[in-house]
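Participant: Have a look at this one.
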Amino acid sequence: MKKSILFITVLILIISACDSDRSPEESTHQKVLLVSFDGFMNDYLDRNPTPNFDRMIASGVKAEHMIPVFPTKTFPNHYSQVTGLYVENHGIISNSFPDDSLNARFSYGPPEDSPNDERWWGGEPIWTTVEKQGKTAATMFWPGSEASINGIRPTKWKAYDGAVENYSRIDSMMNWLDPAGDVNADFATLYFSDVDSQGHSYGPNSPEVDGAVMQADSLLGYLWEQIEDNGLREKLNVIIVSDHGMAELSEEKVIFLDDMIDLDNVEMIDWSPVAMIEPDEGMEDEIYQALKQNEENYRVFLKEDLPDEYGFTDHYRIPEIIMIADVPYTISSRDYFDPGRLPAGMHGYDHQAPEMATIFMASGPAFPSGETVPAFSALNLYELMAHLLGLEPAKNDGELIDFR
Ligand code: AMP
Ligand code: ZN
Ligand code: ZN
């Protein structure tokens, strides 16, 4: 608590020092751009020449790493970042899961295309906080941004299209952030998927991932060039994050569920690396005991026994039994498993696994330069962004971070 007060004081001092020659109204008008490079493991920064990441870190703050939320999948994490909520409090429990009460399955690709159906998304994302409090949000992709949540969408948003070229995402965003442009956005997002997709295809230790990291670095260089050219340097706080890291899989490291339980007695909500298992009526004890007795290379929990920091108990979409594979194990079945189909890299493991640790850095008028802060949870991003934008945050599970 004391730390938060100190942080606010420091922040106010920094903001007023930077804005001393502006009117009071303008001085509170800082913008925030939140950028995600999907699947950017924290270690990647040390493995490759990344001059633009280095320059940004030197001019701003960096966390030793950022701790994702559980499970370390793309949709749960991106949505926790923008709501400050544990997964149990927003309901996006994985990338793909059923909801019997909606008689539907959440999935991010066609044919379901559920991301634009508001019934899936709980909580209040930051763009809703922004719009509700009279400011303007613009998203060039973010999980949840395509849905009208509580009747509100960002003023500018785009249906996800992975084919939109990365540099042109930045060009469009510069137009939306431009004070002389048609929306003059206060809050904006950018999203890039290449580091994640190369990580899945070739594994985190591949030259292909190194290439994608260096491309991400060039993109970041271009972004800062555009920020300078558009005169946004003094107004815009840029926050770079990712949703999780990546682990290298092995076809030797597979846990076969059907060696331990009869799959006819359960509904599988999700498979790997976190198996989410709903036992048939009356079968819970038997299934749990069978998994508990064989507990090797994984841990199994009844959902109510998961420690609080998993934030993965109190939602009706979360099934009774949660089985978490140790990195880098895959959970599968004898019938389904085919080594040829196993990706080289995967994420989704325990949020505290070092391989799942991800990145946070920020630079702009509200941040000191050259500071490194201890690792913190992705849940804290929402409070930070609301604070930078001068907004009253909705109820959330995060806290304001001290950058000094
Ligand atoms: P994952 O399956 O966890 O590796 O998720 C990464 C993939 O999610 C990306 O490669 C995209 O195809 C997809 N994705 C990311 N953001 C969105 C979005 N807003 N809407 C639909 N799909 C998305
Ligand atoms: Zn991801
Ligand atoms: Zn991924």
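The values are calculated or read from the model by the stated rules, or taken from the named source; none is laboratory data. All figures in this text were calculated on a predicted structure; none of them were measured in a lab. Glycine also receives a Cβ, built like all others from the backbone with ideal geometry; neighbour counts cover every protein chain displayed.
Participant: Can you pull out the residues in the range 214-244 that are within 15 Å of ligand 2 (Cβ to nearest atom) and β-branched (V, I, T)?
Facilitator: Across the range 214-244, the qualifying residues are I240, V241.
Participant: Assess whether T50 counts as being in the same structural domain as D196 (by TED's automatic domain parsing), of a type outside the set (F, W, Y) and closer than 30 Å to R105 by Cβ.
Facilitator: no
For every residue, the table says whether it meets (1) part of a loop (DSSP other than H, G, I, E, B); (2) under 24 Å from the mean Cα position of the chain (by Cα).
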| residue | (1), (2) |
| --- | --- |
| K292 | no, no |
| V300 | no, no |
| E304 | no, no |
| R317 | yes, yes |
| Y349 | yes, yes |
| E355 | no, yes |
| F367 | yes, yes |
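Participant: Still on this model: Among the listed residues E248, E208, which satisfies the condition of being within 16 Å of ligand 1 (Cβ to nearest atom), touching a residue at least 24 places away in the same chain (Cβ under 8 Å), surrounded by fewer than 20 Cβ atoms within 10 Å (Cβ to Cβ) and farther than 27 Å from P110 by Cα?
Facilitator: Testing whether each residue is within 16 Å of ligand 1 (Cβ to nearest atom), touching a residue at least 24 places away in the same chain (Cβ under 8 Å), surrounded by fewer than 20 Cβ atoms within 10 Å (Cβ to Cβ) and farther than 27 Å from P110 by Cα leaves just E248.
Participant: Here's a check for you: in the range 174-205, which residue that is free of Cβ contacts under 8 Å to residues at least 12 places away in the same chain and within 15 Å of W157 (Cβ to Cβ) is nearest to ligand 2 (Cβ to nearest atom)?
Facilitator: N175
Participant: So which residues in the range 51-84 are within 22 Å of L400 (Cβ to Cβ), in a helix (DSSP H, G or I) and not hydrophobic (A, V, I, L, M, F, W, C), if there are any at all?
Facilitator: Residues satisfying the conditions are N77, H78, Y79, S80, Q81, T83.
Participant: Further question on the same structure: Hey, does the range 337-358 have a residue that's farther than 20 Å from Y298 by Cα, touching a residue at least 12 places away in the same chain (Cβ under 8 Å) and crowded, with 22+ Cβ neighbours inside 10 Å?
Facilitator: Checked against the condition, which is being farther than 20 Å from Y298 by Cα, touching a residue at least 12 places away in the same chain (Cβ under 8 Å) and crowded, with 22+ Cβ neighbours inside 10 Å, the range 337-358 yields at least one hit.
Participant: While we're on this one: What helices (runs of 4 or more DSSP H) lie completely within the range 143-242 and have 1 or more residues being touching a strand residue (DSSP E or B) at 6+ places or on another chain (Cβ under 9 Å) and more than 21 Å from T74 (Cβ to Cβ)?
Facilitator: 166-177, 207-229
Participant: Only residues that are among the acidic types (D, E) and in a loop (DSSP other than H, G, I, E, B): list them for the range 245-290, please.
Facilitator: Result: E251, E252, D262, D280, E281.
Participant: Scan the range 145-159 for residues that are touching a residue at least 40 places away in the same chain (Cβ under 8 Å) and farther than 12 Å from T189 by Cβ and jot them down.
Facilitator: A159
To keep it simple, each residue is scored yes or no on (1) within 16 Å of ligand 3 (Cβ to nearest atom); (2) over 19 Å from the mean Cα position of the chain (by Cα); (3) not assigned by TED's automatic domain parsing to the domain that holds L33.
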| residue | (1), (2), (3) |
| --- | --- |
| I324 | no, yes, yes |
| G370 | no, yes, no |
| S377 | no, no, no |
| E383 | no, no, no |
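Participant: Just checking, does the range 242-262 include any residue being within 16 Å of ligand 3 (Cβ to nearest atom), modelled with pLDDT of 95 or more, touching a Pro at 6+ places or on another chain (Cβ under 9 Å) and over 30 Å from Y167 (Cα atoms)?
Facilitator: yes
Participant: Here's a follow-up. From the list E88, E25, which residue is farther than 23 Å from E228 by Cβ, modelled with pLDDT under 95 and either of a type outside the set (S, T, Y) or not assigned by TED's automatic domain parsing to the domain that holds W120 (or both)?
Facilitator: From the options E88, E25, the qualifying one is E25.
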